[in-house]
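One structure is given below, encoded as structure tokens.
The values are calculated or read from the model by the stated rules, or taken from the named source; none is laboratory data. What you see is a predicted model; the values in this text were computed from it and never measured. Note that we place each Cβ from the backbone using ideal geometry, even for glycine, and neighbour counts take in every protein chain shown. Accessible surface areas use protein heavy atoms only, side chains included; no ligands, DNA or RNA. Shrake-Rupley method; radii C 1.70, N 1.55, O 1.52, S 1.80 Å.
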Amino acid sequence: MKGKVFLGQYLIWVIVLLGQLHGYKSCIQKERNALLELKQYLISISEEGQSDYVLTTWTNDTKSQCCWWEGVKCSRTSGRVTKIAFGDLFLKESSFFNLSWLHPFEEVQSLDLSECAFSALFDDIEVFCGMKNLQELYLSGNYFSGRLPLCLGGLNNLRVLDLSLNQLSGNLPSRFSRLESLEYLSLSDNNFTGLFSLNLLANLTKLKVFKLSSTSDMLLVDTETTWLPNCRITHSLSSRFLQQSIACSSWIFQLIISTECSLMILDIKYLIWVILLLGQIHGYKSCIEEERKALLDLKKYLISVTEESWFHYVLPTWTNDTKSDCCHWEGVKCNRTSQRVTEIAFNTPFFKQDSLLNLSLLHPFEYVRSLDISRNFFIGLFDDVEGYKSLGRLRNLEILNLASNKFNNSIFPFLNAATSLTTLFIQKNRLSGHFPAKEFKDLTNLELMDMSGNKFNGSIPIGGFPKLRKMKALDLSSNNFSGSMGLEGKSKHILCYSIKTGGICEMKNIQELDLSQNKLVGQFPLCLNGLTGLQVLDLSSNQLTGKLPSSLGNLKSLKYLSLLDNNFEGFFSVGWLANLSELSVLKLNSKSKLLLVDSEGSWKPKFQLSVVELPSCNLVKVPNFLLHQKDLSRLDLSNNKIYGDFPHWLLVNNTKLEVLFLQNNLFATFHLPKSAHKLLLLDVSANDFSNLLPEDIGWVLPQLQYMKLADNNFQGFLPSSLGNMKGIGYLDISHNSFHGKLPRSFVMGCYSIYVLRLSHNQLSGEVLPESANFTGIWELSMDNNLFTGKIGQGLRNLRGLQLLDISNNNLTGVIPSWIGELQNLNALLLSNNSLEGEIPISLFNILFLKLVDLSANTLSGDIPPHVNSSGHALLLFQDNNLSGVIPDTLLMHVAVLDLRNNRLSGNIPAFTNTQYTHTLLLRGNNLTGSIPRQLCGLQDIKLLDLANNRLNGSIPSCFSNTSFAFGKEDTLSDQHYGGVSGGVIQLYEQEYSMLFKSLIVLGSFTIDYVPDTQIKIEFATKHRYDTYLGGNLKLLYGLDLSDNELSGDIPADLGGLLELQALNLSRNKLSGLIPESFSGLKNVESLDLSFNRLQGRIPSQLTELNSLAVFSVSFNNLSGVIPQGKQFNTFGTQSYLGNPLLCGQSINTSCDGSHFQEPDNGVEADESTVDMVSFYWSLAAGYVAILIGICSSLSFDSPWRRFWFYLVDVFIHKAKSLLCDEEEENGVAENVVKLCSFETLKNLEANKGDKEREDRPAVYANSAYFRKGKVGDWANYLTPEMAARIDGLVEETFKDTGLLQHDQ
């Protein structure tokens, strides 16, 4: 008998083994290689001597099957990796895990990084959020800090999430309540703070284990909850702990809250599980076979319209396995007794373009109540059998969700057939045109309809709801609905039009109405005041005008009222709402700033508000009614004129207050309450505070997550108590007068911070010389302070840093090579310091680098060859001492390159890979050679500045092939001009469903985060340097080739540069005529052709340039009549100096033939040359004449001559008296004379080269103003013809004065 049992067991093992071998596939080679690369990365961050112990089974042996490696599991059918676990690792201190190593594993279901001692994750946290198949995530036993990533709330399939034993802070985001598949959630042993409500777990119906504890004493758990339906809740309270037992039909746990705020889950009694299991087995029925096949047919169709590479992601749980119960498939729910399918939901966003949904595939599901096909990007519906009547077959269908697709108006006939619908979601589609009122005439059972986020226009459907009398909630927000008063002359208010025929105001059952973010005009529709059952009214972000009616106080049921961002004006009293006892949310302001909100008076409100927003309401005092509010969670009084002391009593009265915005007012003193408060967000920026920041601010407001104190005049040192704000994530104290060093307690204590702005203060000391505990920081702005010394080593550990700005300080030393280790850097700004040395090559290897500003330092050496950025980088290296040649690969991945005012030499390279470049500035170097034709390959060029070099040759005519000529649709964002991408700060989420039960989804509270990294570029236009900021650069097209040695004719093709606004060709050797084609420069505002050798007439066609504001042709050899008309009537003599053969009104020179003779076209070249430099001759002649006059007058004996020489003698005597004998013997006098000599002054560094003034470009090099002062030296500067011309001018000037008698 024993033998038979043994053989039976053996046979079973053989069968199982054969089954395993039959379904076995080897691992994918791509994933095998990825695992080996992952191992190499882990070895690189392991402690020395421990590399041999890292994942020892992960070998390069081709015979080794990676699916059998330690910690790895694969799918038995596809061979794809489904589980990765690292096990015990011995990592270096502060090691980061690069999430990019997980990219290849697309089907991983379980990821275990527990007990690895990682300090942080980098690359992109969204990698986790993209793992839609992930079911188990273990991150316990690490050193992760900061807040829980919000996007983890999007992992809908997650069953297990273990984040215990870390340093996480903040609170559990409300988005986690969407993890409806979650069975195990552990948050124990972290640094969580604030109030934790068990209401967040209400939707987690499958949750079996929940653990939460905090190492800090700042976590409070709200146990006053009824979050579990059908549950029995009992309480017993003692002096030491509160015990709450919750018993449900499906699971039981015991919750114990002690002084350490720890929650523990006791084991579920086995007996209960056995009873429940038997109950489930007894009542179990499998799904209906007909519906099972119909579901598989539906899946087959969805696969047919899916991109081939995504087939395996389409409803993977819907299998043909007969043992698989379709009622347990993803997105499917059945009736527990009949097992008929009642709910179907699928989301497959990888459909082929222009895919349609075949509704006939849904006909077998006769009992389906809810159909969710949102986020699939279908463009339409069809049914070849039933046609528009297709949805009428689903007679039990009550809820239909079509949101976030690409449906157009063609779906409306199908919808009208679904007469059983009570709830319809069609928001965020491509519905447009007028509201299709007739298409909904048969949907008489509708109670909720959400059509927001489409493109409907025209007037609100006034008479469009004659039969929708059951409607309770209607959302038409975020469309383009518009309208005006007196529509067709039948109504005074557009929304009240045609009441007799039925309309919104006839929906007497309506409870929630959202018409926000449209273009509605006219006055507030009075008929809405008759909807006495209205609980939610949102008319925000429209263009409504006029006065608000006092009859708003008649809406007795109102809970939520938002009238933000309209143009209301006149008087409004909050007292009109005093009797609305249900009111919880009040939002009101006016974009016109003409609304005067009165909040004075002794009236006492019946409401207790939770949210009050009254920005831009012309308030001068804090509203009196707030004295009676005890339940505020959010208060916004920003952009008013409120003066006086900071209202700290608001904190005392409202212990639940979490958000307080008082920015842009006139508050003068800043005081805090004495006791601690739970405030999370505080903004008091742009007020008149000038006192010291309270020393105890960190103790009074320890839970702050967001604090903005910018644009005040706070004084003194930063309080050391700031270090107690363990949860602070955003801190902006810029534009104040703080001084001193950063407190060590702050640097080490605020470990949750990710945005820190210290700009424009007087802070001093070194920049983080030691390690800082800002491990999760994104932005660090320390610019415009008094920091000194070298760039601190403390920055080296900030591996998540994306923006670092320490410009405009007094930093010295070199840019450290370890800066390249900050692989997340988007922007690095070090300008206006005293940094020296070379640019480290490691800096150019940062993959995400977009902006590098190293300008105005003393950097030297060569420029690295190219940037390895994945984006379009902006390189600002101007005003340094960089030398060598410009690499021809430098423009690869570069949008802006500024190398002005360096010491670069050689030719302009034939740049390669220039498709991203729109700004190239090379002014003020020593570049030689011709302008390469390859520059015409800059298809997107907007600014090109090659001025003040030594370029020669002709101007290429091919510039007409660039965007200068044909323009280009500007697809560049602000990020291409220095802007680093921002986002939305979700430090604090408040969903209004937590304040009151809402049928429609009202937008949650968020804060926009926009880093301030706009670049500043100066470009010479209109004879001055203008500064253009950030995105404003999109508006400017300019070409500057001035101050070179370019010669030849001006190409006529330049007249085709239609987009140019500034063209500067001055100070070259250009000859020939001004092209008549310049009349095609329709957008040009500044045209400078001065200091060349141009001849001939000024084309009269140039008067057609209507935008021309500055025009200069000075110092050429132009002739003829100056054109008149339009813009040319505004140009004076300065535009035409140095052209003696020009005449006309502009220079007050008559063109009469008796006084003015126009030369023949055949004027000789050398004559042209003489006239071209007549200005120089006139200047020299005047200089000589004055000198001769002074010398001649001194030769005559006269009283003033004697007085002059007397003064000279006195000066010499005084100078000698200043020198003692010893100084005279030491040659001090001779040294002074030598120091002041022309030779010494000429060779001073300040007088050499081509240094320019900051306010305008130099006309000549400074050295040009000094000569040797020797007789005959003129021959080095003047030709004999020029000298003869000067002699002639002197003779003509002084011929009757008797001063030239020495020549006789």
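Remarks
- Just one of (1) crowded, with 19+ Cβ neighbours inside 10 Å; (2) more than 17 Å from Ser477 (Cα to Cα) fails for Asp598. It is (1).
- The criterion of at least 1 residues that are over 19 Å from Ser834 (Cβ atoms) is met, among strands (runs of 3 or more DSSP E) falling completely within the range 732-816, by 755-757, 779-781, 803-805.
- Hey, Val622 of a type in the set (Val, Ile, Thr) and either buried (at least 20 other Cβ atoms within 10 Å of the Cβ) or in contact with a strand residue (DSSP E or B) (Cβ under 6 Å, 6 or more places away or on another chain) (or both) or not: yes
- Here is the figure for the range 885-899: residues that are crowded, with 22+ Cβ neighbours inside 10 Å, in a loop (DSSP other than H, G, I, E, B) and at pLDDT 85 or above total 3.
- Those residues of the range 1136-1159 which are open to solvent by less than 30 Å² (accessible area, probe 1.4 Å) and modelled with pLDDT of 90 or more, in sequence order: Tyr1136, Gly1138, Asn1139, Leu1142, Cys1143
- Considering the range 662-675, the residues that are open to solvent by 20 Å² or more (accessible area, probe 1.4 Å) and more than 18 Å from Lys630 (Cβ to Cβ) include one that is farthest from the chain's Cα centre (by Cα), namely Lys674.
- Test result for Lys1082, under 45 Å from the mean Cα position of the chain (by Cα) and among the charged types (D, E, K, R): yes
- Checked against the criterion of being modelled with pLDDT under 90, in a loop (DSSP other than H, G, I, E, B) and either over 23 Å from the mean Cα position of the chain (by Cα) or among the aromatic types (Phe, Trp, Tyr) (or both), the range 852-866 contains one or more residues that satisfy it.
- Scanning the range 1055-1067 for residues that are open to solvent by less than 50 Å² (accessible area, probe 1.4 Å) and within 20 Å of Asn948 (Cβ to Cβ) returns Leu1060, Ala1062, Leu1063, Asn1064, Leu1065, Ser1066.
- Screening the range 1043-1143 for strands (runs of 3 or more DSSP E) wholly inside it with 1 or more residues that are at positive phi returns the ranges 1045-1049, 1069-1072, 1093-1096, 1117-1121.
- Residue count, the range 49-86 (criterion: in a helix (DSSP H, G or I) and open to solvent by 50 Å² or more (accessible area, probe 1.4 Å)): 3
- Taking the criterion of being in a helix (DSSP H, G or I) and either open to solvent by less than 10 Å² (accessible area, probe 1.4 Å) or on the phi > 0 side of the Ramachandran plot (or both), the residues of the range 521-552 that qualify are Leu528, Leu552.
- The set of residues in the range 692-708 that are within 33 Å of the chain's Cα centre (by Cα) and in a loop (DSSP other than H, G, I, E, B) comprises Leu693, Pro694, Leu701, Pro702, Gln703, Leu704, Gln705.
Table: residues versus (1) open to solvent by less than 10 Å² (accessible area, probe 1.4 Å); (2) modelled with pLDDT of 80 or more; (3) part of a helix (DSSP H, G or I).
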| position | (1), (2), (3) |
| --- | --- |
| Phe176 | yes, no, yes |
| Glu180 | no, no, no |
| Leu185 | yes, yes, no |
| Phe196 | yes, no, no |
| Leu200 | no, no, yes |
| Asn203 | no, no, no |
| Leu207 | yes, yes, no |
| Lys211 | no, yes, no |
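- Just one of the listed residues (Gln762, Gln705) is open to solvent by 10 Å² or more (accessible area, probe 1.4 Å) and touching a His at 6+ places or on another chain (Cβ under 7 Å), and it is Gln762.
- Of everything in the range 825-848 that is of a type in the set (Val, Ile, Thr) and either under 16 Å from Lys790 (Cα atoms) or open to solvent by 30 Å² or more (accessible area, probe 1.4 Å) (or both), the residue that is modelled with the lowest pLDDT is Ile841.
- When we screen Ile272, Ile281, Ile303 for residues that are modelled with pLDDT of 90 or more and either part of a helix (DSSP H, G or I) or under 23 Å from Ser78 (Cβ atoms) (or both), the only hit is Ile303.
- Residue tally, condition modelled with pLDDT under 80 and at positive phi, over the range 949-967: 1
- Restricting attention to the range 425-461, the residues being among the polar types (S, T, N, Q) and out of contact with any Phe, Trp or Tyr (no Cβ under 8 Å at 6 or more places or on another chain) number 5.
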